[in-house]
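See below for the structure under consideration.
The values are calculated or read from the model by the stated rules, or taken from the named source; none is laboratory data. None of the values given here were measured: they were computed from a predicted structure. Please note: Cβ atoms are built from the backbone with ideal geometry, for glycine as well, and neighbour counts cover all protein chains shown. Each accessible area value is taken on the protein alone, full model and side chains, heavy atoms only, with ligands, DNA and RNA left out. Shrake-Rupley method; radii C 1.70, N 1.55, O 1.52, S 1.80 Å.
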Amino acid sequence: MSGNTSRHFVTLLGSLRRGSLNGIVARTLPQLAPAGIEISMLGSIGDLPLYDPDLQERGFPAPVLAMAERIAAADGLIIVTPEYNYSVPGGLKNALDWLSRISPQPLARKPVAIQTVSPGAIGGARAQYHLRQSLVFVDAIVLNKPEVMIGQAAEKFDTARLELTDQRTRDFLARQIQALADLAHAVGKPSAV
């Protein structure tokens with residue numbers, strides 16, 4: 001890893017389904033992390049109420065504040081999500097809507113990696129592009145490469161055991177985690193300007 005500092009990343013899962021392939025990936029990430037990198041899961045997007053300015057006016061719900069605090073304290077965020085109707089799932093968008101209202105903004109200047117899993121050939125690419133647009137608003141620093149879009153997913157998982165079995169995919173995920181660590185290191189350096 002570049003630099004000698006350990007890193008802690010949190011994972012935001014955009015799926016609620018128990019057997020979700022995206023959930024399998026999210027739960028596998030700690031096993032794939034290079035030395036010096038710790039990865040833990042955030043709370044479920046299912047715990048957040050639908051965004052409502054009237055509700056916000058009465059005070060942010062505890063699960064929103066807890067999620068925001070953990071993101072703010074982390075060195076980076078990994079979003080793992082399916083693609084729904086050429087975009088992101090509503091629950092994930094709802095979480096981002098809540099997080100976007102928090103001040104100070106927990107995602108501002110935060111390194112973010114995106115991972116999508118899909119049974120289709122392009123692996124959730126359209127969801128990634130929509131997600132990148134939402135992350136611009138909160139001033140996140142999205143990792144450009146390597147892009148993780150796991151297509152033809154049925155061939156890469158053992159759904160009975162809820163395991164990611166494809167070694168090439170596991171290796172690729174590990175490379176993206178390392179790239180996120182390198183980005184977090186670069187973002188943490190003082191500007192040379």
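General remarks:
- Close contacts from the range 177-188, counting a first residue that is of a type in the set (S, T, N, Q) and a second that is at pLDDT 95 or above, with Cβ to Cβ under 9 Å and a gap of 6+ residues or different chains, come to 178/33; 178/37.
- Qualifying residue in the range 109-121 (condition: open to solvent by less than 80 Å² (accessible area, probe 1.4 Å) and among the hydroxyl-bearing types (Ser, Thr, Tyr)): yes
Okay, residues lined up against (1) among the hydrophobic types (A, V, I, L, M, F, W, C); (2) within 26 Å of residue 163 (Cα to Cα); (3) under 12 Å from the mean Cα position of the chain (by Cα):
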residue: 8; (1), (2), (3): no, yes, no
residue: 13; (1), (2), (3): yes, yes, yes
residue: 24; (1), (2), (3): yes, yes, no
residue: 31; (1), (2), (3): no, yes, no
residue: 52; (1), (2), (3): no, no, no
residue: 58; (1), (2), (3): no, no, no
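- Of all residues in the range 134-170 being open to solvent by less than 40 Å² (accessible area, probe 1.4 Å), of a type outside the set (A, V, I, L, M) and in contact (Cβ under 8 Å) with a residue 24 or more places away in the chain, the one that is nearest to residue 97 (Cα to Cα): 134
- Residue 55 being touching a Phe, Trp or Tyr at 6+ places or on another chain (Cβ under 7 Å) and modelled with pLDDT of 95 or more: no
- Hey, residue 173 open to solvent by 10 Å² or more (accessible area, probe 1.4 Å), among the hydrophobic types (A, V, I, L, M, F, W, C) and assigned to a helix (DSSP H, G or I) or not: no
- Selection count where residues are open to solvent by 70 Å² or more (accessible area, probe 1.4 Å) and without any contact (Cβ under 8 Å) to a residue 40 or more places away in the chain, scope the range 42-64: 6
- Search result, residues across the range 104-127 that are part of a helix (DSSP H, G or I) and within 17 Å of residue 20 (Cβ to Cβ): 127
- Checking each residue in the range 1-41 for being basic (Lys, Arg) and crowded, with 20+ Cβ neighbours inside 10 Å picks out only 7.
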